[in-house]
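A short write-up of the structure that comes next.
The values are calculated or read from the model by the stated rules, or taken from the named source; none is laboratory data. Quick caveat, the model's predicted, so the values are computed rather than measured. Here Cβ is always computed from backbone atoms with ideal geometry, including for glycine, and neighbour counts include all displayed protein chains. Calculation scope for accessible area: heavy atoms of the full protein, side chains included, ligands and nucleic acids excluded. Shrake-Rupley method; radii C 1.70, N 1.55, O 1.52, S 1.80 Å.
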Amino acid sequence: MSLSTATATPLLGQSLQDLTTWMQDQGQPAYRGKQLHQWLYHKGVRSLAEITVFPKAWREANQETNLGRSTIHHRSISPDGTIKYLLKLADGNIIETVGMPTERRLTVCVSSQVGCPMACDFCATGKGGFLRNLEVHEIVDQVLTVQGEFRDRVSNIVFMGMGEPLLNVDNVLGALRCLNEDVGIGARSMTISTVGIPGQIRRLAEHQLQSTLAVSLHSSNQALREQLIPSARQYPLEALLAECRDYVKLTGRRLSFEYLLLAGLNDRPHHAEELARQLRGFQNHVNLIPYNPISEVDYQRPSPQQVNDFVQALKDRHIAVSVRYSKGLDVDAACGQLRASQQA
């Protein structure tokens, strides 16, 4: 991609080659491109004025150049170290991103859209409607923002924030390339989460990504899935799972399934038995997520015993399973909650 000199063209998201060409177009030597790349992706600068290795006169002449960085609109900090950010984009729209630290890693949960068109019944983001897709630089910026805030290197990225990544495939793929090649995050340390868009999982398989694909299933049968995920009416569970099997065959990579446990609705042993039957015969892993309640709907979190019983029922049927508990429950950590509360 060739960068123009227009200030509307963000530098963030561009490759080393693109940045080198841009610097040369500005009358600077080629080695300045590598310096720009370093300061943009590894030092996290927000303006050319901060790049002190550049000539001062040149920086002043190009101070309006658009790097593509957002501004932090709001922070919510949890005692467990999780920080949720509301980021204001250039057009004034607000998105969420979350930094989740542990002793060994720093994970960023990124958004791929402003809002979400999928309207899942249990999701606060879906209640807020959909505005637009995020551009490559707006996705990458979320990671650099968390990295700068925590003053620590981001080790893992999950596309589990606002939006449906497979409705924004081109920009998500562009962001994956940039985060891997430019920011330096391992491809196997990135996960793309989707509720399933017809044909898009196979399309993703053709790219032979090393990243993990996580499919949000949330139900062991079609009728209940339609209740929870309206788009499932156009994409039957049988067809979705067939595409998932094709993905495993084409990539040779294990596929993850996200399953949100909702008390009394999909968390009984017979649901686990049904789920195990659906997932037999191909390499996969189930991530169980006890529900994080939101005010808009009355779904409830299952008891620890219900969670344990569900886990055991899957293990008894030789299904690989783990439980993922949400971090930052006290800071509106469920996707869309903080944004909704701040815009109310």
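Yes or no: Leu314 farther than 20 Å from Ile229 by Cβ and either open to solvent by less than 80 Å² (accessible area, probe 1.4 Å) or hydrophobic (A, V, I, L, M, F, W, C) (or both)? When the stated conditions are applied, Leu314 passes them.
Among the residues of region 27-70, those identified as under 17 Å from Pro10 (Cα atoms), open to solvent by less than 80 Å² (accessible area, probe 1.4 Å) and not in a helix (DSSP H, G or I) are Gly44, Val45, Ser47, Ile51, Asn62, Thr65, Asn66, Leu67, Gly68, Arg69, Ser70. Among the residues making up region 283-298, a single one is at pLDDT 90 or above, part of a loop (DSSP other than H, G, I, E, B) and open to solvent by less than 30 Å² (accessible area, probe 1.4 Å): Tyr291. Residue pairs whose Cβ atoms lie under 7 Å apart, sitting 6 or more positions apart in sequence or on different chains, and linking a residue in region 174-203 that is within 30 Å of Arg233 (Cβ to Cβ) to a partner that is part of a helix (DSSP H, G or I) and of a type in the set (Ser, Thr, Tyr), are Val195/Ser231; Ile201/Tyr247; Arg202/Tyr247. For region 6-26, filtered to residues that are among the small types (Gly, Ala, Ser) and open to solvent by 30 Å² or more (accessible area, probe 1.4 Å), the residue that is farthest from Asn180 (Cα to Cα) is Ala6. Residues in region 116-129 that are aliphatic (A, V, I, L, M) and surrounded by 18 or more Cβ atoms within 10 Å (Cβ to Cβ) were compared, and the one that is nearest to Asp170 (Cα to Cα) is Met118.
Candidates are the residues of region 266-280 that are open to solvent by less than 60 Å² (accessible area, probe 1.4 Å) and in a loop (DSSP other than H, G, I, E, B); the one that is nearest to Asp121 (Cα to Cα) is Asn266. Of all residues in region 90-115, those satisfying the criterion of being assigned to a loop (DSSP other than H, G, I, E, B) and surrounded by fewer than 20 Cβ atoms within 10 Å (Cβ to Cβ) are Ala90, Asp91, Gly92, Asn93, Thr102, Glu103, Arg104, Arg105.
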